[in-house]
């Protein structure tokens, strides 16, 4: 039985829209019967829908009571254990609310919304699928769906064909701005998941002897096997060469990090080169390549739709939030930039839900004003 909140949220949204398949009806039924509280949640949602109440129905949930209970239990058991429970509760409420809100909203509407927590001036919705393709002649095409390069060089989405009869020599650029993400299938069948604030330069068709792209930002590659044509990813700090494998590259800076999940890759720069095997990561740092054991759960969390912080300082955490929610972040005096924190929550959660999780596992407070996030040291009472 699948119980992850994002999946259940999607089923509930589809139920209210009358879109459930037979298999999904059975899945939601199994989940409902697993716990009486699940049945009560479905019933409450149905009653609210029938009464024509505002879609922001989760305002009625008394989250403060839940938090007070969790804080009491935290004194007796580990912070990490109860932090995970708190995060799960917030995701279940937040993701269902998010999908219900999105049902009747245009995806291009403002991402700044009213906060359910009076401590914040507003809330911010998570990243959405979308990007723009810049063609070789400078033409820009906006896309809000998965992109596929066809064998004839044309570019299509699930909605329509964007470019037809493009020559194999055409070089394009996919620009994924902050607060966006996208999935792309290249002409050889290679699949690429592109994170927020990233760019991927690619040809409409690969040549007969080489497959090559350029990356700025972060992407996860599932490279189609082709023994005769190596696949090369260029970054500002160095390159990666493969034949067919699954791996992640984080290249937001000139110190790219490659994390290998499956297969074998070669990380290289100038005369330097190192081979990575599954479970390893390599970081190009100037004139050397550092090899380490990778924490795959952490390194691939973004691709699996999770914020997964494990021994991260607030600076690195803030960078992730900045990209995903398109924020301006600042730190107040007294905030330790070296202290580390651990916790996880779905990337489908609104910003305030992520901040509540961080409050729970840290000594930090937060303020939101439009798209500005201020991180403060928690005041002792």
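The values are calculated or read from the model by the stated rules, or taken from the named source; none is laboratory data. Please read these numbers as outputs of a predicted model, since none were measured by experiment. All Cβ positions, even for glycine, are placed from backbone atoms using ideal geometry, and neighbour counts span all protein chains on display.
Looking at segment 310-338, which of its residues are over 24 Å from residue 369 (Cβ atoms) and touching a helix residue (DSSP H, G or I) at 6+ places or on another chain (Cβ under 7 Å)?
310
Can you find a residue that is out of contact with any helix residue (DSSP H, G or I) (no Cβ under 6 Å at 6 or more places or on another chain) and more than 22 Å from residue 145 (Cβ to Cβ) anywhere in segment 192-204?
For segment 192-204, residues out of contact with any helix residue (DSSP H, G or I) (no Cβ under 6 Å at 6 or more places or on another chain) and more than 22 Å from residue 145 (Cβ to Cβ): absent.
Tell me, which residue of segment 270-286 that is free of Cβ contacts under 8 Å to residues at least 40 places away in the same chain and crowded, with 18+ Cβ neighbours inside 10 Å is farthest from the chain's Cα centre (by Cα)?
276
Considering segment 30-40 alone, what residues qualify as being part of a helix (DSSP H, G or I) and modelled with pLDDT under 70?
Of everything in segment 30-40, those that are part of a helix (DSSP H, G or I) and modelled with pLDDT under 70 turn out to be 36, 37, 40.
Can you find a residue in segment 319-326 that is over 23 Å from residue 176 (Cβ atoms) and touching a residue at least 40 places away in the same chain (Cβ under 8 Å)?
no
Might you let me know whether segment 266-278 holds any residue that is assigned to a loop (DSSP other than H, G, I, E, B) and out of contact with any strand residue (DSSP E or B) (no Cβ under 7 Å at 6 or more places or on another chain)?
yes
Please determine whether any residue of segment 222-230 is surrounded by 23 or more Cβ atoms within 10 Å (Cβ to Cβ) and in a strand (DSSP E or B).
no
Matching residues to (1) closer than 23 Å to residue 235 by Cα; (2) assigned to a strand (DSSP E or B):
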position	(1), (2)
289	yes, yes
292	yes, yes
298	yes, no
307	no, yes
323	yes, no
330	no, yes
333	no, no
336	no, no
341	no, yes
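Working only within segment 116-152, note down all residues that are assigned to a loop (DSSP other than H, G, I, E, B), modelled with pLDDT of 90 or more and in contact with a helix residue (DSSP H, G or I) (Cβ under 6 Å, 6 or more places away or on another chain).
Selection gives 120, 127.
Quick one: would you say residue 359 is over 22 Å from residue 177 (Cβ atoms), outside the structural domain of residue 179 (by TED's automatic domain parsing) and surrounded by 15 or more Cβ atoms within 10 Å (Cβ to Cβ)?
Spelling it out, residue 359 is indeed over 22 Å from residue 177 (Cβ atoms), outside the structural domain of residue 179 (by TED's automatic domain parsing) and surrounded by 15 or more Cβ atoms within 10 Å (Cβ to Cβ).
Does residue 258 fit the bill of being at pLDDT below 95 and either assigned to a loop (DSSP other than H, G, I, E, B) or in contact with a strand residue (DSSP E or B) (Cβ under 8 Å, 6 or more places away or on another chain) (or both)?
In short, no.
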